[in-house]
Amino acid sequence: MSEVILELPVGNANITDLFHFSPALVDDLKKILASERYQGEKGHNLRSISARFRVVLTACRFIIANDTNSGPLTQGFSAFVKNHYALVKSIYKSEIRKELRNELWYAIGIYTGRPLLKHDYQSDLWAFYFKGQDAWRHIDSADLKAAMPKVNAEMTNLLSSETELLPQKSYSMETLHTRFSKAKRLLLERLAPQFNDELEEYGLQALSVDNNRIQKSLFQAIQSDVQQKVISLRTGTGYFEVIRWLMEVTGQVVVDAYRISMQRYQTHAKRESLEKTYSDSELMELVFHLEKAIEQAKESKSLITLHFAKIQLKTCWNTAPMCAIELSDIKEIELPTSKKTMVIMLQKARKGYDIDTYQLDGRAVNSVMQDLLQVKVLTEQYRGSKSRFKSLLFVYEEYGEIGCVKGTNVTSYINSLLEQQGCRVRYNSQRIRKSGANYIYREVAKDLRKYKKRMRHSYSTFIQHYKQVGEAGTQTTLGEAVQTMQSYFTGREISSDIIIIDKDDDVLQQTPTGLCASKGNDIEALQYHKEHRLLHKDNGREATWCSDYLACIWCKYFRTVADLDHVWQLLSYRDYVLADMGASVSNLEGNEQQTEAIEILKNRVNDILCQLANRDQKAVEQAQEMQRNQGMHPFWSFAISTVTV
């Protein structure tokens, strides 16, 4: 019989032996060879991809020669998927080389029309599908099965039911994956060593047997480890949350015992977080190399990912919600002043899937609006495809396919791109969120625009000859303050501007903090009326003015005067009203957001007072003396119940 030769994109291959074994197998190999991947239509090098197809041929020969279960392969590639991938499972357990196996998996995926997934051939895997990213994650439960077979079977069945009911739940696949990961760790590390017999007899119901003995013991052990700093507070509270969830989904009662107080460790956690922030010089180096990398980026994936990093540096937004931003989450609004503003929504799993709304005007966070619009323009060409990612903002093209920026690997990829530029500072999204880079980015970007030949020089040259940035307080940045106030005063436009006028103006509305330049019936008034509609309905009044005096100092209509009386008003607001507010929430659990907001309001007052002192230092000193002698300004008498003068 004559030789059977298969023509490859580069060269050819003799497949006479495979044809003798099975003509059907050769027919399927020819169909696979005609695919986009092996014809080099996805950006692959033809010589390289031809070599890869030869690997597939070698893998087939290895299976025929070494696998006792290879008989069905005479029917062609359909043998790989029959009997729930029995042949694939046999190959996975064999001694076939990894490079042969991986390329064969690609070929099987092309034949079946879908990728070969890990849980198709590997047993004892919990599989989690993330629809937004079109990706699977897995948790290996083989060790749990070996230690507690009954519990492992219950957990596997629980995953099936939870996945099926997930559309009806208040959490996403991300949360479900995290809970199963932590539950497995708890079962193996904390329950199996002490309560293995009970768990094998009763399964997960053992947690409530004997008056919840095991559940109480588990809560007590976790509380003790947190107090002794064996595990972090966040880890401990995470374990508590998973135990309560596990009790709920298995129909058991949760014991409210051995609580962990977030309040007790709040000050320590805040101090510790400050030690993990970037310095100004580190942020400057990150910004320099990021801008340099953006200008040099030629591939779609690297360019979009670098813009992702640029926006995160400016906004301090969380990675996962940023990756999930869809075009429908971004709304452009035309203002009466012919200017545009943008509203963007982020959904955070760690905040109970609350949606944070940010209003951008191109100034508050250094033209983030323009960055987002630029990403929309850069990715517009990918919207016409049939990709399931086309609704996402951060998408790119790679090897002829549309992909999206994924939170699981985006940080490492950004670091690899920055390292190629010679950046010595590691990009860390958590440190960025703690530091805030708005001020630094604005200052460095301003000098980068002047520095036209920066591509020819190093970062040290740039710093030495072009960059002079004074140390800035980056722990509580303007951007963070604006974001916090936006979430607190939803529906109002937050402004970071401080406007001081020379003298009192009778035309302006008087408020306890200063003056208001609003003409009434604006969005602030409408929002205030909406929030207090029941009160106004009872009083039979229509609200034409906003009366939310606590929000005044962040409002675009706020004005103050550099004189004794108006400075006294601000001092009373800070030292009496805000102090009273702080005292009222000091002993409450979960008061972090309120405490942060109060602190930002105090800092805002301090910034205004500094500007007033620059204008008229004597007026500030007289106002301080006035408050020492007479106490709180009478304008604020309505705000707090008891005042000691």
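Please treat every number below as a calculation from the coordinates, not as lab data. Not measured: the values here are computed from a predicted model. Cβ: placed from backbone, ideal geometry, glycine included. Neighbour counts: every protein chain shown.
Peptides 294-303, 565-574: what's the order by average Cβ count within 10 Å, highest mean first?
With the highest mean Cβ count within 10 Å placed first, the list reads 565-574, 294-303.
Enumerate by residue number the GluC sites (Glu not before Pro) in the stretch 55-143 meeting two conditions: DSSP loop (anything except H, G, I, E, B), and at most 13 other Cβ atoms within 10 Å of the site's Cβ.
GLU95
Under 5 Å between amide H atoms, partner at least 5 residues away or on a different chain: which partners does GLU398 have, H built in plane at 1.01 Å?
Under 5 Å from the amide H of GLU398 lie the amide H atoms of GLY403, each far enough along the sequence or on another chain.
THR250 to ASP124: FRET efficiency via 1/(1 + (r/R0)^6), r the Cβ-Cβ distance, R0 22 Å, to the nearest 0.05?
0.55
Report Rg (one decimal) and Dmax (nearest whole number) for the stretch 126-260, counting Cα atoms only, units Å.
Both quantities, over Cα of the stretch 126-260: 14.9, 45 Å.
Could you list the square roots of 5 times each eigenvalue of the Cα gyration tensor of the stretch 51-144, that is, the equivalent ellipsoid semi-axes, sorted largest first and rounded to whole Å?
They are 24, 16, 13 Å, listed largest first.
Run through the stretch 183-231 and list the chymotrypsin sites (Phe, Trp or Tyr not before Pro) located in a DSSP loop whose Cβ has at most 11 other Cβ atoms within 10 Å.
Hits after loop and neighbour filter: nothing returned.
Got the relative contact order for the stretch 5-121 handy, in percent, Cα pairs under 8 Å and 6 or more residues apart?
Over the stretch 5-121, the number comes to 25 percent.
So who's got an amide H within less than 5 Å of the one on ILE325, skipping anything under 5 residues away but keeping other chains? H placed 1.01 Å off N, in plane.
Amide H to amide H, under 5 Å and 5 or more residues apart or across chains, ILE325 pairs with LEU393.
Please give me the summed charge of the neighbours of LEU564: other residues whose Cβ is under 15 Å from its Cβ, Lys and Arg +1, Asp and Glu -1.
Result for the neighbourhood of LEU564: -3.
Full-extension gain between ASP143 and GLU200, please, as 0.36 nm times their residue separation minus the C-alpha to C-alpha distance.
Once the chain is fully extended between ASP143 and GLU200, it gains 19.0 nm.
Starting from the Cα of ARG615, step 7 Å along the direction of its Cβ; do the same at LYS150; then give the gap between the two resulting points in nm.
The modelled label-to-label distance comes out at 7.6 nm.
What's the local net charge at TYR121, with K and R +1, D and E -1, over the other residues with C-beta under 11 Å away?
With Lys, Arg at +1 and Asp, Glu at -1, the neighbours total +3.
May I ask for the net charge around THR16, where only other residues with Cβ less than 13 Å from the Cβ of THR16 are counted and Lys, Arg are +1 while Asp, Glu are -1?
-1
Counting pairs of alpha carbon atoms under 8 Å apart in space and at least six apart in sequence, what relative contact order in percent does the stretch 126-260 give?
21
How would you order 227-234, 620-627, 309-316 from highest to lowest mean count of nearby Cβ atoms within 10 Å?
Answer by packing, highest mean first, reads 309-316, 620-627, 227-234.
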